[in-house]
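Report on the following structure.
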Amino acid sequence: VRNVDLSRIVGNMLENAIEACRRMEYGHRSIRLNATVRGDMLVLVMDNTFDGDFERYSDGRVVSRKRRSGVATGLSSIEEVAARYDGAARFEAGGSMFKTSVRLDMVGHVGL
């Protein structure tokens, strides 16, 4: 995985998590990032607290509260990079936790 692509993913994940924690008016704020290798896949998971307020389009895409006119650009950027590595990005919200998961194929794209 190219450094620039990894930086783009992790940078967007952190930026979104920090902003979500800043919006919290009460409660414990936390951000946890975990990276593991499973077979040929690099798996990045970020869990962060948030205020529980989010929106989705009917197709499941998360809508940014900064950019209500469209899909969150940071999230779509993460999805775009994951797709280039035959991977996937997933965004889940439950209660006061938001989870971002990204899988990237490290072997099939050595020459990118």
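Here, each number is a calculation from the coordinates, and none is a lab measurement. Keep in mind that what you see is a predicted model, and the values were worked out from it rather than measured. Cβ sites come from the backbone with ideal geometry, for glycine too, and all protein chains shown count toward neighbours.
See the values below:
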quantity: Residue selected from the stretch 15-36 under the condition among the β-branched types (Val, Ile, Thr) and surrounded by 10 or more Cβ atoms within 10 Å (Cβ to Cβ), by the criterion nearest to residue 101 (Cα to Cα); calculated: 31
quantity: Cross-chain or 6+ apart pairs with Cβ under 6 Å, the stretch 80-109 first and within 11 Å of residue 45 (Cα to Cα), then aromatic (Phe, Trp, Tyr); calculated: 98/50; 100/91
